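Read the figures in this text as sums done on the coordinates, not as results from a lab. All of these numbers come straight from a predicted model, not from anything done at the bench. Cβ placement follows ideal geometry from the backbone for every residue including glycine, while neighbour counts extend to all protein chains displayed.
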Ligand SMILES: Cc1cc2nc3c(=O)[nH]c(=O)nc-3n(C[C@H](O)[C@H](O)[C@H](O)COP(=O)(O)OP(=O)(O)OC[C@H]3O[C@@H](n4cnc5c(N)ncnc54)[C@H](O)[C@@H]3O)c2cc1C
């Protein structure tokens, strides 16, 4: 099937893109990597009146170290994030997860901004943004605003992004020296979206667990962050038994829906196993 007809614009700056988006009205959409929007156009699940192509906004593909955070431009491709030594060193969870997105060709085109705006509940980058408490910066004709990921993702493929807004930058907190992280996921075939994915960071102080960040995808309509579930497990010695206990508690607490592909019980068991594996890897890395 071919896409329905649309007008096409290729601005050379963010300011021009915003003006064009506003001028085209609510029927217009921006396109970045096209790895999600392209198939939707072809299947006519999306029929925008105009496409504003962001691919000439090359100055918005960058990774900058700000100390407590990495600022990453919205046009940065998944593969650039996965391969960046800066991301691997300062925000390893993000690099680990980006490496697992789809296939090489998809990672070469897909962008950070596109993945967050698309908000697929099974996607890696929304999960990492939620787990780490990233902040998303959006430009609009009136200026710019910055939202925590927890306020950005509303539901399945639904975000707080307004029709006249463009994501231009995302700020990810950087890892502490005594912190280990791990990303674990399970999918039926290599390159498929994960059925369940787990992202975690564990911060140790003399062997005791000072902080755990734990995020899950595949169990709810947006990535779930388990702050309340991990709280009783803080202060304990980080060990295999500790990881197993926390994983059992998380597996018991999640309440995914049954769907046509698989029963909820399968996702619960998968969650328990992946959480345990992720915590063990993160503990090992935190111990250095
Ligand atoms: C076969 C296949 C397998 C895949 N597997 C995975 C996977 O395992 N995990 C995964 O996470 N993803 C996967 N993807 C999706 C891929 O990661 C996409 O690249 C990503 O979801 C969207 O990024 P994009 O830059 O291609 O966005 P586009 O497709 O260009 O746009 C997607 C949406 O975001 C909007 N948008 C784009 N950029 C911006 C911006 N800067 N500001 C505001 N709105 C914007 C568009 O208007 C559109 O609504 C897969 C895709 C394919 C085709």
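On a 0 to 90 degree scale, rounded to 10, what angle separates helix 240-253 from the longest Cα axis of the chain?
Rounded to the nearest ten degrees, it is 50.
Among rounded, prolate and oblate, which fits the range 7-53 when a ≥ b ≥ c are the square roots of the eigenvalues of its C-alpha gyration tensor, a/c under 1.5 means rounded, and a/b larger than b/c means prolate? Don't skip to the answer; put the middle values down first.
Values: a/c = 2.87, a/b = 1.59, b/c = 1.80.
Judged from the Cα gyration tensor, the range 7-53 comes out oblate (a/c at least 1.5, b/c at or above a/b).
Percent relative contact order of the chain, based on C-alpha pairs within less than 8 angstrom and at least six residues apart?
15
Choose one answer from 107, 44, 261: the residue with the largest mean-square fluctuation in a GNM of the chain with alpha-carbon springs under 10 Å.
For the chain, modelled as a Gaussian network with Cα springs under 10 Å, the answer is 261.
Please work out the C-alpha center-to-center distance from the range 105-174 to the range 272-288 and express it in whole Å.
27
Fewest Cβ neighbours within 10 Å first, please rank 145, 90, 267, 231 accordingly.
In increasing order of surrounding Cβ atoms, one gets 231, 145, 90, 267.
Would you calculate the separation in nanometres between label points at residue 266 and residue 188, each defined as 7 Å from the Cα along the Cα-to-beta-carbon direction?
Placing both labels 7 Å beyond Cα along the Cβ direction yields 0.8 nm.
With each run of n ≥ 4 DSSP H residues scored as -39500 (n - 2.57), what mean residue ellipticity at 222 nm is computed for the chain after dividing by its residue count and rounding to the nearest 500 deg cm²/dmol?
-10000 deg cm²/dmol
For the range 114-232, just say rounded, prolate or oblate: build the C-alpha gyration tensor, square-root its eigenvalues into a ≥ b ≥ c, call rounded for a/c under 1.5, and beyond that prolate if a/b exceeds b/c, oblate if not.
Cα axes put the range 114-232 in the oblate bin.
What is the angle, in °, between the Cα long axis of helix 14-24 and the longest principal axis of the Cα atoms in the chain? Nearest 10 is fine, range 0 to 90.
60
Please provide three numbers in whole Å: the alpha-carbon extents of the chain along the principal axes, with the largest listed first.
Extents along the principal axes, in whole Å: 59, 45, 32.
Between residue 253 and residue 55, how high is the FRET efficiency from 1/(1 + (r/R0)^6) when r is the Cβ-Cβ distance and R₀ = 30 Å? Nearest 0.05.
About 0.10, to the nearest 0.05.
Can you tell which of 219, 198, 156 shows the greatest fluctuation in a Gaussian network model of the chain with Cα springs below 10 Å?
Among 219, 198, 156, the largest mean-square fluctuation in the Gaussian network model of the chain belongs to 156.
Can you tell me the length gained on complete extension of the stretch residue 154 to residue 108, counting 0.36 nm per residue apart and subtracting the Cα distance?
Value of the extension gain: 13.8 nm.
Expressed as an acute angle from 0 to 90° and rounded to the nearest 10, what is the orientation of the C-alpha long axis of helix 264-287 relative to the principal long axis of the chain?
80
Between the range 192-258 and the range 1-65, what is the C-alpha centre distance in whole Å?
Cα centres, the range 192-258 to the range 1-65: 37 Å.
Estimate the FRET efficiency between residue 88 and residue 245 by the formula 1/(1 + (r/R0)^6), using the beta-carbon distance for r and 25 Å for R0, to the nearest 0.05. Working shown, then result.
Numbers: r = 31 Å, r/R0 = 1.22.
The value I calculate is 0.25.
Using the 10 angstrom Cβ neighbour count as an exposure proxy, how do 31, 106 rank, fewest first?
Placing the least packed residue first, the sequence is 106, 31.
Give me the distance in nm between label points sitting 7 Å out from Cα along the Cα-to-Cβ direction at residue 227 and residue 211, one decimal.
1.2
Just to be sure I understand: with springs between alpha-carbon atoms less than 10 Å apart, which residue in 170, 237, 254 has the highest mean-square fluctuation in the Gaussian network model of the chain?
Ranking 170, 237, 254 by mean-square fluctuation puts 237 first.
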